[in-house]
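*Asks:* Below are the structure tokens for one structure; questions will follow.
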Ligand code: ARG
């Protein structure tokens, strides 16, 4: 289905053509003087130079050729040559009717769907999920949903960090605490126990303790490095421990992501790339890309046009151990082999940008990906506290995700109970739903690349540009629709009529933008554009609501028209928030 703006542009383009000008000048934009008109065409201004003619004259020629239009109610040439446009109410209503019947509300599905792998979440096994992982999960999940809506084949991969030093640290600490465990007995030949020798609670305590020790104690650190290396080489006792760590940790991670309504198609991990490393490294050596530098194996990735230094990409350390870069490269090999993606998108903290520049360049240079395979990096900014520094607990420690969510839900609960008198159980469930909108909208409404301030008071407010405000609007619409039904109303023969007043027209005009907003948000990997859109729609709806008697309308056909507009508004808002990764309750 055509976009609303496209239809207008077609009208203008054909008028330009009839008047003897190039049709490309017929582009239409939203008016930047909403007090004067709804849309405008600046083509005559742009064409003045090419045709050596005053823009005003061109504009007059064009308007003379527009003729009787079923689209515009007003067409006006203003000095020095703008064409100001208003849309006919009947046309607007008929467009929205068609949009309402379109299963995707005017989003056109991709004709040639692409396979896109999104690498997001990226938690590290055995380390508690903290707020740093929150952004990746929220942004990645939203882009995945938008991509699917637009028709691409999107595969979400959590890409667990299970292969790094944190594993060696945990093994080392365990060895110090419980040296008698069979996992540390090199002569042990039997089966390893099926029960893990620790709980998730213990695991979460072991890691920070080991990490702190390794920073102070060099011998301890070397021990952990050695353990990491032995694990990577498949030492049986360590592999058995690693399996326990994985099992305990992944169960916990899945529970956390469920609460966030984030889900992955693949639970792949860094270690899955391990089998691809030897052949990949060998090939890079054979092709002459990899060379030894101070004992390490590296590939040069700098380019002539670089303005800052891009160091070589390191494949193997001098002791033969692989690195973060090595796993990421081998994961590309695996992904190409198993899924043949057209694009791999990484949603990772922007402080890792250099790492990805190196990995992408190396992958391209050494032919790990095809020429037209896109490798993209969406580097997001830091989530800061009100003090402008990375978000911390009151005590200054790393904030656990669970604590953060509990805090938000508690605040939400307080506000909801304050607002109404319903049974507590219901209020608690509602607080969770609304709390999630507060967190996700608070994050997604900012451009992903920018840092933002996590402000619980602001995010949980029912007013302003917040998730709860959007949900409040949806719930308001639902309750009007419910009341209508409870009073015995039906939607039989409901017809959307031309708008009755400016606020209704404004709401209708906002709704027409859904398709182009979603397509553009996907193209630019910019969920914040959907947030900005639904904020506008909500504002437009609320003005309409305050200025219009909806259920009190006496003309039955008009009343049904209002209610169909409400249904469309609700459907569009609910679809949009689903793309952002949250939902609305029935009541608040
Ligand atoms: N686990 C990593 C971290 O916490 C993020 C992984 C991102 N994805 C990747 N393919 N490198 O920093």
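Quick note: the coordinates plus some simple rules give every number you see, no bench work behind them. Nothing here was measured: the structure is a model prediction, and the numbers come from that model. FYI the Cβ positions are ideal-geometry reconstructions off the backbone, even for glycines, and counts take in every protein chain you see.
*Asks:* What translational diffusion coefficient, to the nearest whole µm²/s, does the chain have by Stokes-Einstein, given a Kirkwood radius computed over alpha-carbon pairs, a temperature of 4 °C and 1.567 mPa s viscosity?
*Replies:* Once the numbers are plugged in, D ends up at 47 µm²/s.
*Asks:* Give me the compactness ratio for the stretch 1-94, meaning the Cα radius of gyration over 2.2 N^0.38 Å. Write down the numbers at each step before the final one.
*Replies:* Numbers: Rg = 12.3 Å, N = 94, 2.2 N^0.38 = 12.4 Å.
Cα Rg divided by the expected 2.2 N^0.38 Å: 1.00.
*Asks:* What number, in percent, do you get for the relative contact order of the stretch 429-588 if the mean sequence gap of Cα pairs under 8 Å and at least 6 apart is divided by its residue count?
*Replies:* Details: 169 pairs, mean separation 57.9, N = 160.
36 percent.
*Asks:* Over the stretch 124-250, with a single point scatterer placed on each C-alpha, what log10 of the ratio I(q)/I(0) does the Debye formula yield at q = 0.12 1/Å?
*Replies:* -0.53
*Asks:* Only residues of the stretch 99-117 count here: report those whose backbone N is under 11 Å from the spot 7 Å along Cα→Cβ of residue 376, or say none.
*Replies:* 116-117
*Asks:* If you project the alpha carbons of the stretch 419-466 onto their three principal axes, what span does each projection cover, largest first, in Å?
*Replies:* 41, 17, 12
*Asks:* Over the stretch 65-176, what is the percentage of antiparallel beta bridges among all DSSP beta bridges, to the nearest 5?
*Replies:* On the way: 6 of 12 bridges.
Roughly 50 percent of the beta bridges in the stretch 65-176 run antiparallel, per DSSP.
*Asks:* Cα centroids of the stretch 530-552 and the stretch 29-49: how far apart, whole angstrom?
*Replies:* Using only Cα atoms to place each centre, the spacing works out to 26 Å.
*Asks:* Please report the spacing between the Cα centers of the stretch 231-290 and the stretch 377-399 in Å, no decimals.
*Replies:* Here the answer is 27 Å between Cα centres.
*Asks:* In addition: Averaging sequence separations of C-alpha pairs under 8 Å and six or more residues apart, then dividing by the length of the stretch 286-345, give the relative contact order as a whole percent.
*Replies:* Relative contact order, the stretch 286-345: 22 percent.
*Asks:* Once you order the gyration tensor axes a ≥ b ≥ c over the Cα atoms, which shape class does the stretch 302-363 get: rounded for a/c under 1.5, otherwise prolate or oblate by comparing a/b with b/c?
*Replies:* oblate
*Asks:* Run through the DSSP bridge list for the chain and note the antiparallel percent, rounded to the nearest 5. Write down the numbers at each step before the final one.
*Replies:* Working: 22 of 43 bridges.
Antiparallel: roughly 50 percent of the beta bridges in the chain.
*Asks:* Which translational diffusion coefficient, to the nearest whole µm²/s, is obtained for the stretch 375-527 from the Stokes-Einstein equation, given a Kirkwood hydrodynamic radius over C-alpha pairs, 10 °C and 1.306 mPa s?
*Replies:* The Stokes-Einstein estimate is 85 µm²/s.
*Asks:* Given an 8 Å cut-off on Cα distances and at least 6 residues of separation, report the relative contact order of the chain as a percent. Mind showing how you got there, number by number?
*Replies:* Numbers: 925 pairs, mean separation 85.9, N = 588.
Computed over the chain, the figure is 15 percent.
*Asks:* Taking 60 Å as R0, compute the FRET efficiency from the Cβ-Cβ separation of residue 10 and residue 180 and round it to 0.05.
*Replies:* Once rounded, the FRET efficiency stands at 0.15.
*Asks:* Let me ask something else about it. Taking only the C-alpha atoms, wrap a convex hull around the stretch 188-248 and report its volume per residue in Å³ as a whole number.
*Replies:* 87 Å³
*Asks:* May I ask for log10 I(q)/I(0) of the stretch 272-326 at q = 0.13, 0.27 Å⁻¹, from a Debye sum over the Cα atoms as equal point scatterers with solvent left out?
*Replies:* Debye output, listed in q order: -0.34, -1.12.
*Asks:* Ordered by packing density, taken as the mean number of other Cβ atoms within 10 Å over each peptide's residues, highest first, how do 425-433, 304-312, 286-294, 126-134 rank?
*Replies:* Order by mean packing, descending: 126-134, 425-433, 286-294, 304-312.
*Asks:* I need the shape label for the stretch 513-588. Rule: rounded when a/c is under 1.5, else prolate if a/b > b/c, else oblate, with a, b, c from the alpha carbon gyration tensor.
*Replies:* prolate
*Asks:* Under the rule a/c < 1.5 gives rounded, and otherwise a/b versus b/c splits prolate from oblate, where does the stretch 345-418 land using the Cα gyration tensor?
*Replies:* prolate
*Asks:* Another question, then. Evaluate the Debye formula for the stretch 113-193 with equal point scatterers sitting on the alpha carbons, no solvent, and hand back log10 of I(q)/I(0) at q = 0.20, 0.22, 0.25 Å⁻¹, in q order, two decimals.
*Replies:* Result of the Debye calculation: -0.90, -1.00, -1.13.
*Asks:* Ranked highest first by the average count of other Cβ atoms within 10 Å around their residues, in what order do 526-537, 483-494 fall?
*Replies:* Sorting 526-537, 483-494 by mean packing, highest first, produces 526-537, 483-494.
*Asks:* From zero up to wherever the largest Cα-Cα distance of the stretch 168-308 sits, split into 5 Å bins and tell me the percent of pairs in each.
*Replies:* All Cα pairs considered, the percentages come to 2, 8, 13, 15, 16, 14, 12, 11, 7, 2, 1, 0.
*Asks:* Report, in deg cm²/dmol and to the nearest 500, the calculated mean residue ellipticity at 222 nm for the chain, where each DSSP H run with n ≥ 4 adds -39500 (n - 2.57) and the sum is divided by the residue count.
*Replies:* Value at 222 nm, helices only: -17000 deg cm²/dmol.
*Asks:* Over the stretch 437-545, consider all pairs of different Cα atoms and compute the Kirkwood hydrodynamic radius from their mean reciprocal separation; express it in Å, one decimal. Mind showing how you got there, number by number?
*Replies:* Values: mean 1/r = 0.0639 Å⁻¹.
Evaluated on the stretch 437-545, it is 15.7 Å.
*Asks:* Work out how far the C-alpha atoms of the stretch 261-374 reach from end to end along every principal axis, then list the three figures in whole Å, largest first.
*Replies:* So the three principal-axis extents are 46, 33, 26 Å.
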